[in-house]
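Inspection log for the structure reproduced underneath, given as structure tokens.
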Amino acid sequence: MDISVIVPIYKGKEYINSIIKQVEECKKQLINESVELILLNDYPDDYIEEQQSDCISIRVFNTDRNLGIQATRVKGYENSNGNYILFLDQDDKIAPLYLKSQLENIIKSKAAATVCKVKENGREKYNAVYPFENIVNKKHMFTVENAIISPGQVLLRKRDISNVWVNNILKHNGADDWLLWLCMLSENKKFVLNDNVLFEHILYGGNASWNSKQMILSEKEMYNIIKKTEKCDENYLEGLKSLVESEEMRYISLLEKYRDMFFMYDKWIALENEKGCLSTFLINKGYMKIAVYGIGIVGRQIISTLKNSEINVLAAIDRNANYIESNIPVTTIENFKTKVDLIIVSVVNISNAELKQIESTTGIKTVTFMQLLERWENDSTIRK
């Protein structure tokens with residue numbers, strides 16, 4: 001067996017057909033290489049039947065208790081027959097050329113792991129601010145951040161998977177993949193890059209990475225395991241300790257950001273119930289041509305809401321414009337030339353200084369989306 005694709009399933013039976021189809025499409029791009037798909041059901045209340053395929057081998061394991069993500073992956077690893085391992089999440093998406101491209105890259109480079117580029121919720125993740133090259137930078141991975149978005153980006157040579165990772169199961173979900181990369185880097189295993197975008201990660205509220213308390217505890221466990229191995233350079237170990245400690249503050253900041261987003265959405269919904277469509281307010285104020293600054297969750301929602309109205313959303317502005325797919329033109333602030341009546345800033349918690357800088361650079365009236373909602377709320381001329 002050449003490649004084993006290992007997929008833990010947790011309350012996700014509806015994803016199984018999609019997983020099988022994706023792996024089958026990958027197999028069709030290979031000539032002689034064999035592929036097995038290992039499905040591990042980590043939700044004992046559901047039973048997964050044996051699955052069939054004409055071109056890949058499929059094995060199903062049903063656990064009698066919930067093991068957690070790392071233990072489930074390790075069980076798949078221990079029962080795998082492939083020389084190469086791919087760990088996928090149940091709702092991940094891989095391109096038909098994923099296995100062919102990754103396999104060619106890892107064999108050619110004689111590496112322990114090959115890492116492809118990724119889209120996260122439809123947006124290419126790596127950019128000028130978040131460089132792809134940092135994945136193979138040991139110092140960066142130990143002292144700055146885990147630059148690998150998801151295990152699904154990585155095809156691994158089975159014999160190079162660290163025994164430290166296999167034998168030390170984290171009690172809290174969240175950081176087991178980072179633990180694996182750090183263990184392998186500590187053992188001087190070679191990581192190489194694949195510039196092709198072959199993988200899409202779906203981020204949603206149920207992801208372990210969104211459970212801040214659990215992630216903090218998981219990362220602390222991870223640090224203690226790395227420290228115990230005594231294989232890590234003292235400077236890197238100290239850097240990792242500082243990084244894990246700072247992550248707690250980062251998660252608090254992230255929670256504050258999403259709290260503010262919640263309040264903003266709550267106000268938006270209340271205003272639409274009371275006063276009708278946002279587009280009506282904009283039209284009443286003479287803002288017929290709009291640009292949106294920031295193409296994140298809020299920015300895309302604003303664009304989607306206005307696209308079927310009389311408002312023309314002519315452009316978007318984002319510092320990572322070259323890495324964003326959109327149905328409207330996206331440019332950086334320095335290259336923005338579109339004539340619009342108003343720029344709506346979707347970025348949460350942007351400073352007044354940054355806001356003034358956008359307005360000064362473009363020469364166009366600029367407001368945050370929250371400011372716009374507050375003006376709409378205080379406008380007595382519009383009622384539903």
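The values are calculated or read from the model by the stated rules, or taken from the named source; none is laboratory data. Remember, predicted model here, so these are calculated numbers, not experimental data. Neighbour counts are summed over all protein chains in view; Cβ atoms, including those assigned to glycine, are modelled from backbone coordinates with ideal geometry.
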Every residue from region 250-274 that is more than 13 Å from ASN349 (Cβ to Cβ), hydrophobic (A, V, I, L, M, F, W, C) and surrounded by 13 or more Cβ atoms within 10 Å (Cβ to Cβ)
TRP268, LEU271
Has region 169-189 got at least one residue that is of a type in the set (S, T, N, Q) and touching a strand residue (DSSP E or B) at 6+ places or on another chain (Cβ under 6 Å)?
no
Residue check: is SER150 under 30 Å from ARG259 (Cα atoms), in contact with a His (Cβ under 6 Å, 6 or more places away or on another chain) and small (Gly, Ala, Ser)?
yes
Hey, any hits in region 113-127 for a residue that's assigned to a loop (DSSP other than H, G, I, E, B) and over 15 Å from the mean Cα position of the chain (by Cα)?
no
If a residue counts only when it is closer than 30 Å to MET184 by Cβ, which helices (runs of 4 or more DSSP H) contained entirely in region 226-321 have at least 1 such residues?
234-275
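Yes/no matrix, rows are residues, columns are (1) surrounded by 14 or more Cβ atoms within 10 Å (Cβ to Cβ); (2) modelled with pLDDT of 90 or more:
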| residue | (1), (2) |
| --- | --- |
| GLU325 | no, no |
| LYS337 | no, yes |
| ILE343 | yes, yes |
| SER346 | yes, yes |
| GLU359 | yes, yes |
| GLY363 | no, yes |
| VAL367 | yes, yes |
| LEU373 | yes, yes |
| THR381 | no, no |
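To keep it simple, each residue is scored yes or no on (1) touching a residue at least 40 places away in the same chain (Cβ under 8 Å); (2) crowded, with 20+ Cβ neighbours inside 10 Å; (3) of a type in the set (Ser, Thr, Tyr).
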{"site": "VAL115", "(1), (2), (3)": "yes, yes, no"}
{"site": "ARG123", "(1), (2), (3)": "yes, no, no"}
{"site": "VAL144", "(1), (2), (3)": "yes, no, no"}
{"site": "ALA147", "(1), (2), (3)": "no, yes, no"}
{"site": "GLN153", "(1), (2), (3)": "yes, yes, no"}
{"site": "ASN163", "(1), (2), (3)": "no, no, no"}
{"site": "ASN167", "(1), (2), (3)": "no, no, no"}
{"site": "MET184", "(1), (2), (3)": "yes, yes, no"}
